[in-house]
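The values are calculated or read from the model by the stated rules, or taken from the named source; none is laboratory data. Keep in mind the model is a prediction, meaning the values are calculated, not measured. Glycine also receives a Cβ, built like all others from the backbone with ideal geometry; neighbour counts cover every protein chain displayed.
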Amino acid sequence: MSYAYSLTANRDDAEDLVQETLLKALKYSDKFIYESSLKAWTYTIMKNTFINDYRRMLRQNSICNQKEQESFLNYIHASDSDKPDSVYASKELEKTIRKLDSKVKLPFKMHQEGFKYNEIAKTLDINLGTVKSRIFFARKKLMEQLTEYVN
């Protein structure tokens, strides 16, 4: 119990970890090598169980945080879209995109519409690296021309 507590730093979680360790030890008792130490084997199960649970918790929190951030960004985007300065900025962006060289404009617009790089490459019959560089150069050109709207 003290080893479980040293891992979890919480009495209830330590009890749960001990219980889960014992269940796994019973379930996989056929894997135990009788010449080895039972204590070491169960401690290894406990440590691995704790690590796996911890990683699972981190992944779940990361996914939740991503969803919260995405919904926040969508909320900001939706709430700002009807403001006059936002409408003006989007019109300026569209005008600047129209001025781009057609070689970079078409891949950029396709990417903005949701096409993946490999889909753009197949559709336009060009290399994947060429698609990526053209989109990069389109973004760079837009950033240069629209510096007043950045930030």
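Taking the stated definitions as given, is residue 105 under 19 Å from residue 92 (Cα atoms), surrounded by 13 or more Cβ atoms within 10 Å (Cβ to Cβ) and not polar (S, T, N, Q)? When the stated conditions are applied, residue 105 passes them. Among the residues here, residue 133 qualifies as modelled with pLDDT of 85 or more, outside the structural domain of residue 13 (by TED's automatic domain parsing) and over 30 Å from residue 11 (Cβ atoms). For the stretch 1-16, a residue qualifies if it is among the aliphatic types (A, V, I, L, M), farther than 17 Å from residue 40 by Cβ and in a helix (DSSP H, G or I), and exactly one does: 14.
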